[in-house]
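Q: Below: one structure in structure tokens.
Any read-out appearing in this document is the output of simple, stated calculations on the displayed coordinates, not a laboratory observation. What you are looking at is a predicted structure, and each value in this text was computed from that prediction instead of being measured. Virtual Cβ from ideal backbone geometry, glycine too; neighbours counted across all protein chains shown.
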Amino acid sequence: MRDLIEPVVLRHAVDTTMQRYPYFCVELQKKDGQYVFVDNNRPVVISNSFHGVELNAEASNYHMVAFAYQDNWIIFDVFHGLTDGTGAYEVIRTLLYYYCSERYGVKLKEEGIRLAGDEISDEEWTDPVETATDLPTPVRSEIPKALSIIENAQLQDDTVKTVYSVAIDESEFMNFSMDNDGSPGTITALFLSRAVAKLFPNADDPIRVTLCVNQRKALHKPKAHHSLVGGAMLEYKEKMRKWPLDRQATAYRGMVFAQTMDETVLAGVNSLKGLTQMLLSKETDQERLGISAFIAKTTDEILTATVSYVGKANYKEAEKYIRDFRTWTGATGHYPCIEIAAVNGRFTLDFIQPFSSPLIVNAFLKELDDSGITYDLQDVAVLDVPNIRLPWSV
């Protein structure tokens, strides 16, 4: 924020905000061999620290969400299995409305903001994946191994998870994207692909970047609060590498268009639903963890990197009180993830890496330089996100 945080005001804002989101006031428990979210009426914790507190543990009152503050930062920590960026943005939008209204003694407009006292619709509350029927059958196909940055750069011994934060003027990046027939997400994925290709020109494995996809549109449930994220795989084919940037961007945009058709997205939903049902059908945690480990290993093998862009944050009138905005996720894979946020006139690209080397970031920044895009490398930090106490790992 632009000013130091007032903890009493933040407490008021958090308490009022969480009244609007009862489905996030839950604890993850094991009952009769299954894992379920149960109502949690304890206060949501606010800590005075950058690190926050362990989720689903005593320190967080066994909540799957928590808040923290330090100096002029407000931090919102949430379990990704509870919601995704779209759902988290709704909570932040509500929190900023209440916090800024009291902190600055102003009456902000309520339009487009979920507020305490609202009637929560079935669409917002009910998991659309659980209730979905007649989903398309997913196409089964072998996906070849992708280029691994860790292997090709020989970074196996560099295990310090690190975040590089890069800021770009919003209008400049939007105009550049549109001029080249792209969007912020596809252009970011393309710049990353080009950077990796130039670093490892003799690599045999394909460069494959996944661009995260919001599944709500295909499910016709735009208000759903759940974690509803799929992905479009963008492969930087050999024949594309000599094309001009705008033609490459058009190709990536075409790949995204084809993979975000409702039929394709719903087939992906069906695949994930089947996987979830298979996990739930297992009788022991050991079996479930074994399957999960296999899936994680397979994902590591078929992806070079991931890019996630929720879309313009649109925090309404509260945006003028925001100085900076970051999006950090746990680096669970063996590949980098770029989280893109668009807040108060600028994009922030957080490069979340399972290693500390600046190799990829520097190559990406050279792509920006070569394209005449002005940027600010704001800072570099060791990734520090709270642990989540999961019942099956206790």
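Q: Would you calculate the separation in nanometres between label points at Tyr35 and Met261, each defined as 7 Å from the Cα along the Cα-to-beta-carbon direction?
A: For the pair Tyr35/Met261, the computed spacing is 3.5 nm.
Q: Still on this structure, I have one more. State the answer as a single residue: which of Tyr21, Leu96, Ala57 lies farthest towards the positive end of the charge dipole of the stretch 7-120, with beta carbon charges of +1 for Lys and Arg and -1 for Asp and Glu, about the Cα centre.
A: Leu96
Q: Using a cut-off of under 19 Å, list every residue of the stretch 2-25 whose amide N is near the label point 7 Å from the Cα of Asn72 along the Cα-to-beta-carbon line.
A: Those under the cut-off are 2-10.
Q: In this model, which of Lys217/Lys312; Lys30/Lys297; Lys31/Lys221; Lys198/Lys242 are farther than 23 Å apart at the alpha-carbon?
A: Lys30/Lys297; Lys31/Lys221
Q: Then there's this: To check you understand DSSP bridge types, tell me what percent of the beta bridges within the stretch 301-393 (both residues inside) are antiparallel, rounded to 5.
A: Expressed as a percentage, antiparallel bridges in the stretch 301-393 total about 60.
Q: Can you list the aspartates and glutamates whose alpha carbon sits under 15 Å from that of Lys107, skipping same-chain ones fewer than 8 residues off?
A: Excluding near neighbours in sequence, the set is Glu317, Glu319.
Q: Right, next: Looking at the stretch 137-200, which GluC sites (Glu not before Pro) are in a loop (DSSP not H, G, I, E or B) and have at most 14 other Cβ atoms within 10 Å?
A: Glu142
Q: Okay, moving on. Which whole-number percentage describes the relative contact order of the stretch 149-393, with Cα contacts under 8 Å and a sequence gap of 6 or more?
A: Result for the stretch 149-393 is 35 percent.
Q: In addition: Any aspartates and glutamates with Cα under 19 Å of the Lys145 Cα? List them, leaving off those in the same chain fewer than 8 positions away.
A: Straight-line reach from Lys145, under 19 Å: Asp204, Asp205, Glu235, Glu238, Asp300, Glu301.
Q: Still on this structure: Report the FRET efficiency, 1/(1 + (r/R0)^6), for Val382 and Asp122, where r is their Cβ-Cβ distance and R0 is 35 Å, rounded to 0.05.
A: Efficiency for this residue pair is about 0.25.
Q: I've got another one for you. Starting from the stretch 230-312, pick out the trypsin sites (Lys or Arg not before Pro) whose DSSP state is loop and whose Cβ has at most 10 other Cβ atoms within 10 Å.
A: Nothing satisfies the criteria.
Q: Can you tell me the length gained on complete extension of the stretch Thr131 to Gln277, counting 0.36 nm per residue apart and subtracting the Cα distance?
A: 51.2 nm
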